[in-house]
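Peer 1: There's a structure below that I have some questions on.
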Amino acid sequence: MAANLNNPKFTVPVNDVEQQTTLQLEHKDDDFDYSKRSQWLRAAVLGATDGLVSTASLMMGVGAVKHDIKAMILTGFAGLVAGACSMAIGEFVSVYSQLDIELAQIKRDNEVDHEDKESLPNPLQAAAASALAFSLGAMVPLLAAAFIRDYNVRIGLVVAAVSVALALFGWLGAVLGKASVVRSSARVLIGGWLAMAITFGLTKLIGSHGL
């Protein structure tokens, strides 16, 4: 008597290890919470964007009243150093406060294990990452203006380089965070343009009145 293959009793079990592994990986990927990336992603993207926009704006502001390349480069370098130090100190203090709170909570709960220690924030690491991200962003306008003697070409090159970097940072943040690429890039780009334009315009206005 022939066996009925549609009978549940004769259903072939799926025991293929490779297929099961693939299904598990796909399931894990679907369940991955991209919000877990928010902390380090926010620090990295905001740090680099802040370094890019603030340094470029400083250079554009000085460039509005001084055409000398030396003044522009020195201003940008001073902005890089001051901004990186400020980011590092601010992040260190903030993360250290968070660490103190979490340690106090662990002591109150009497739960100290290896996993808890590994999940605790690292103030030094956060400070170094913020300073590095800021510095990398600030290097873009500095490198763009470093060897250009002609004033108009220098200003145009700084704006172009900063615009490309802003769009790239917006795209990178969107891709890693699974957000809208167009909206993220446009938001960062327009914000950077506004910062440079306002700084350039106000400095030009004040400089024209001899203040």
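Peer 1: Stretch LEU124-ALA197 to full length: gain in nm at 0.36 nm per residue minus the Cα-Cα span?
Peer 2: So the chain would gain 22.8 nm between LEU124 and ALA197.
Peer 1: Same structure, new question: Extending each Cα 7 Å along its Cβ direction at VAL153 and GLU102, get the distance between those two points in nm, one decimal.
Peer 2: 5.1 nm
Peer 1: Pop the C-beta distance of ALA78 and ALA146 into the FRET formula with R0 = 22 Å and round what comes out to the nearest 0.05.
Peer 2: For R0 = 22 Å, the calculated efficiency reads 0.90.
Peer 1: Relative to the compact-globule scaling 2.2 N^0.38 Å, provide the ratio for the alpha-carbon radius of gyration of the range 38-206.
Peer 2: 1.23
Peer 1: Exposure proxy check: ILE155, ILE73, ILE89 ranked by fewest other beta carbons within 10 Å?
Peer 2: ILE89, ILE73, ILE155
Read-outs throughout are calculated quantities, based only on the coordinates presented, and are distinct from any laboratory measurement. Just so we're clear, the structure is a prediction, and the values are computed from it rather than from any experiment. FYI the Cβ positions are ideal-geometry reconstructions off the backbone, even for glycines, and counts take in every protein chain you see.
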